[in-house]
Amino acid sequence: MRHRLSSTPSCSWKLWARLFLIAVALLLPWPASGELLSPQRVSDLEPDPEEVIPYRFCPTRGGLIFVTRQPYFGDSPTFRTDGRIESTTAVQFPGEEPSQLSNEGVAACGEERTRALLFMDNSYTGSSDVWSTDGSAEGTIQLLSAFDAGGFHTWGEQAVLANNGPIIFTRSDEVNGTSTNSLWRTDGLPQGTLELLALPASYPSNLYASGDRAYFVATTSSQRMSFWETDGTLQGTREYGPTFDANIDSIVFVHDTGEYRMLLRFPRTGGAATLLALHHSGALDALAEFPLPGALFNPPTADLPGRTYFLEHGSSARLWSTDGSAAGTFVVAELPDNGFDAYALFGFGTGVVFRARDALHGLEPWISDGTAAGTHLLADLCAGPCSFGPIIESTPYGLLMRGDGTLPTGSKAFWLPQGAAAPIELALPCGPEPCGRYAAYVGALDDRVFFFGPSSGPAASALWSLEPTSGSVRQETAFPAYPIDEMLPFAGRYRDSLYFLAEEDGVELEIWRLRLHPPPCADTEETLCLAAPRFSVRVDWRDFAGRTGSGHATPLTADTGYFWFFDDANVELTVKVVDGTAFNGHYWVYYGALSNVEYWITVEDTVTGDSKQYHNPLGQFGSFGDIEALPAESQTLGIPAAASALSPPPVL
């Protein structure tokens, strides 16, 4: 259908309209790239938001999946969003009531992954089931049930392989009174879910991922303990390295440096434990002995080029350094007091930062350059010998150090930039709460660090930004309540935005989104610039073999272009953006497909910062028209749509 205002040919209308729009757009004040947009609420956790708290942040290629929990007992739904409140919906589990499912574990997340893997606890049956979801009802699949094949099954340890690899997990089965254990893998689809290894005698333990491999310890029926690795295939699941007698020794995984694996062997009859280095070749080296076997259970570790640091903790504490050889393993420093508090170890420059206690200062952050003389107190967050804290959080630009919510009045918050020798005290306001009690890291955007801290006004808290080099801070947005520590693990970055939990007047705890204004659109190999060019369009795809990629963009006209996926001679998808603001105040998006692979179309308005995503499931030939795709006026900056108001009716 074509809309015309006169007998003037549509091509002339289109030409003059486009030239007019471009001219007006150039005269309008275009928001600066990097300008911070006001935070937007993206969730509405009805009907009882006080009883449903988002606690796990799970980004995927097709959207942000987040799972919730209830503070006490009950079941909580799982949600999916593309960053707009109207797109935030509960994930529908076929054959189940969403309220009957509460999350037990989220095994696989990541922007490169098309699906999230969920280990869900069904309160109705009392069982745990394995699901995968892309956030849509048709894309939510039950992979394994706790009740199948005449038995009862439970899931244990999980490891996610890198490079969009499969998820490895352990399973324990009870069938007709007989217990068996096994190792499984899944890529989130039924055909990619299978058993890798059956172990009748022992549960696979110490399972962890390192790159595109997973490693674990297994014990046979003859009590032979051995090391295994898997790449997620039957052929790539193999035993390697030495074996041990499980009646005599216990083996505990300590850390993977990437070059070798650190293991702790201790005799079941008691005595000193031995730290071992298991190399990729299968060779095993003894590094050091420890009188207390528990001194290296889950020790804090930090990897630096050529060396690994770790903390021995117990009635006393020591900082160690190793290069994977016995000669290169030594004690860096004896720490002053109470090794149980010596943890939170971070690599920093050529040394490490950690927390430790001494009689004069109490528990505070310390730093070491790898020598005894260079190991010392880094900052005094709290006057006197404080008993609690500090919390040290790593960011891309340095370390943020704060109290844990129990520090007394007068406590401080510090920032340690990468490469700096001394920390910078943050200039935060002091109100009823201590100045540095709250400086909780949210994420980083555009070379700025964002965190929650005390408000400079009557509000309880505020979102602050920090300039990494100088340590200068600026309050961005105030909130009436401060997020307690259990809310903060949800915070994180997804694409161009930070997501976090906060409250506002009249609205209980909800998910919020903070983003910077996008830069003006620029045509690239993977980006189409359409309509003035105001809108950037990108496409991500996944084929039937599980391969993923981004569409290659080719413009056709000012408002239309196409994408190819595999061959530049083979068009897969066309996209068009039309100015319909004179009719309903929105821009319209149309797309037509010549392919049935799975894909996601993301359209972003570089004037308002709003965006919208469209999903086509695998195996479907999709075409669609959306006449309310994106509003002309900004939802956050109040940018007038002057150019849109003067445009003629759209020519389809």
Selection count, region 219-236, where residues are without any contact (Cβ under 8 Å) to a residue 24 or more places away in the chain and open to solvent by less than 20 Å² (accessible area, probe 1.4 Å)
2
For region 37-93: of the residues being under 18 Å from the mean Cα position of the chain (by Cα) and among the aromatic types (F, W, Y), which is modelled with the lowest pLDDT?
Y55
Mind listing whichever residues of region 461-481 are assigned to a loop (DSSP other than H, G, I, E, B) and open to solvent by 50 Å² or more (accessible area, probe 1.4 Å)?
E467, T469, S470, S472, P480
Please go through region 166-202 and pick out each residue that is outside any strand (DSSP E or B) and of a type in the set (S, T, Y).
T193, S202
When you check T322 against the structure, is it among the polar types (S, T, N, Q), under 32 Å from the mean Cα position of the chain (by Cα), at pLDDT 90 or above and closer than 25 Å to L345 by Cα, yes or no?
yes
Could you tell me whether any residue of region 426-437 is of a type outside the set (D, E, K, R), assigned to a strand (DSSP E or B) and at pLDDT 85 or above?
no
Looking only at region 510-535, count every residue that is in a strand (DSSP E or B) and closer than 18 Å to E111 by Cβ and tell me the total.
6
For region 518-543, how many residues are aromatic (F, W, Y) and closer than 22 Å to Q620 by Cβ?
1
For region 560-580, the count of residues that are touching a residue at least 40 places away in the same chain (Cβ under 8 Å) and open to solvent by 20 Å² or more (accessible area, probe 1.4 Å) equals 2
Of the numbered conditions (1) open to solvent by 40 Å² or more (accessible area, probe 1.4 Å); (2) out of contact with any Lys or Arg (no Cβ under 6 Å at 6 or more places or on another chain); (3) at pLDDT 85 or above, Y343 fails exactly one; give the number of that condition.
(3)
Looking at region 325-338 only, could you name the residues that are modelled with pLDDT of 90 or more, over 16 Å from D369 (Cβ atoms) and not hydroxyl-bearing (S, T, Y)?
A326, A327, G328
Can you find a residue in region 486-497 that is of a type in the set (S, T, N, Q), at pLDDT below 85 and open to solvent by less than 20 Å² (accessible area, probe 1.4 Å)?
no
Considering region 301-319, residues that are part of a strand (DSSP E or B) and in contact with an Asp or Glu (Cβ under 7 Å, 6 or more places away or on another chain), and then whichever is modelled with the highest pLDDT, we arrive at R307
Would you check if R495 is among the basic types (K, R) and in contact with a Gly (Cβ under 6 Å, 6 or more places away or on another chain)?
no
Cross-chain or 6+ apart pairs with Cβ under 7 Å, region 109-123 first and over 23 Å from L618 (Cβ atoms) and part of a strand (DSSP E or B), then open to solvent by less than 10 Å² (accessible area, probe 1.4 Å) and at pLDDT 80 or above:
F119/V130
Cβ-Cβ under 8 Å pairs, at least 6 apart or on other chains, region 511-530 side within 30 Å of D567 (Cα to Cα) and open to solvent by 10 Å² or more (accessible area, probe 1.4 Å), far side in a loop (DSSP other than H, G, I, E, B) and among the basic types (K, R)
C521/R534
Collect the residues in region 387-397 that are within 14 Å of P365 (Cα to Cα) and either at pLDDT 85 or above or of a type outside the set (V, I, T) (or both), keeping them in residue-number order.
S387, F388, G389, P390, I392, E393, S394
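The values are calculated or read from the model by the stated rules, or taken from the named source; none is laboratory data. These figures come from a predicted structure and were not determined experimentally. Backbone-built Cβ (ideal geometry, glycine too); neighbour counts: all protein chains shown. Note: areas computed on protein heavy atoms with side chains; ligands, DNA, RNA excluded. Shrake-Rupley method; radii C 1.70, N 1.55, O 1.52, S 1.80 Å.
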